[in-house]
Structures are given as structure tokens and as C-alpha cells.
């Protein structure tokens, strides 16, 4: 019994001192590590760029609202109470939207990139074409237009 016990004990016991070399770099290879680091830098840069663009769009929308003058309106049409509308813009009202978004647009200083595209279910915008107006309404998400607003109140300024 002694010999059987010794052989079974030997198979369960292992020596800590081995002369076999350890396996070389069982993790990622150097090339894979470099590739992962480059990928992380590119993804980080891209996400930063996208974040910057989103912040720029929000900031420009706020700046557009600030560029409205304090000129008194000569005529007001639409739902009474400017407090009902969080967005406003001012410019020359022109017929035509952009790629099916909006029925009219406001031409503003700075070129076509500053146009506000408009739609309205409460006021007939066609009666104000080629006039300087201030519109109050709500901004909606758009696919083509830089700024798309549903107009609830129109003030004729000139």
C-alpha cells in the first residue's frame, strides 16, 4: 500500500522549481497592442469632433435667437402671447422651403446658411412675403434645413 500511496501522492504534487522557460508573451502581440492604441486614438478624436459639432449647432441656435431686434411691430398675426413660443427669428420673409421642408424662409444677414425655414398651421405666411418680420414659434428637427420652425406668431416690422 505504501508504494501505491507514494505514486498517487507524486502525481498530485508538483515541484515549484522548473527549468522550463515560461511561455513568451501570452497576451497581445506588440503589433496588436499598437493597432488597438491607434484605434482608440482615432475613435476618441472622432467622438470629440462629433461632440464639438453638436455643441456648435446648439450654440448657433442660441445665437440666432439673440440676434432679434427690439423694433416695434406694426402688425401682429397668430396666437397671442409671445410667452407661448420659446424660439424667435427676424428677417425678410420669402416664399419657398428647402428640399420639401418649410413653405417659406427668412432671409437673414450672413447668406443662405443663416436662413430659417418656416411652416405654420396657425398663420398664413403668404400674406407677409417680401416684408421684414419677426416670427415666434417652436424649432423642429430637420433633415435638410439648418433651422426649421413652426410659426405661431408673426410680427410685421416694416
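Tabulated results
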quantity: Ranked packing of 41-47, 110-116, 148-154, most packed first, by mean Cβ within 10 Å; calculated: 148-154, 110-116, 41-47
quantity: Peptide ranges 134-141, 123-130 listed from the most packed, as the mean C-beta count within 10 angstrom indicates; calculated: 134-141, 123-130
quantity: Quotient of C-alpha Rg and 2.2 N^0.38 Å, computed over segment 72-156; calculated: 0.97
quantity: Fraction of antiparallel bridges per DSSP, segment 72-156 only, in percent to nearest 5; calculated: 90
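Since every read-out is calculated from the coordinates, none of them should be taken as a lab result. All values derive from a computational prediction rather than experimental measurement. For neighbour counting, all protein chains shown are included, and Cβ atoms are generated from backbone atoms with ideal geometry for every residue, glycine included.
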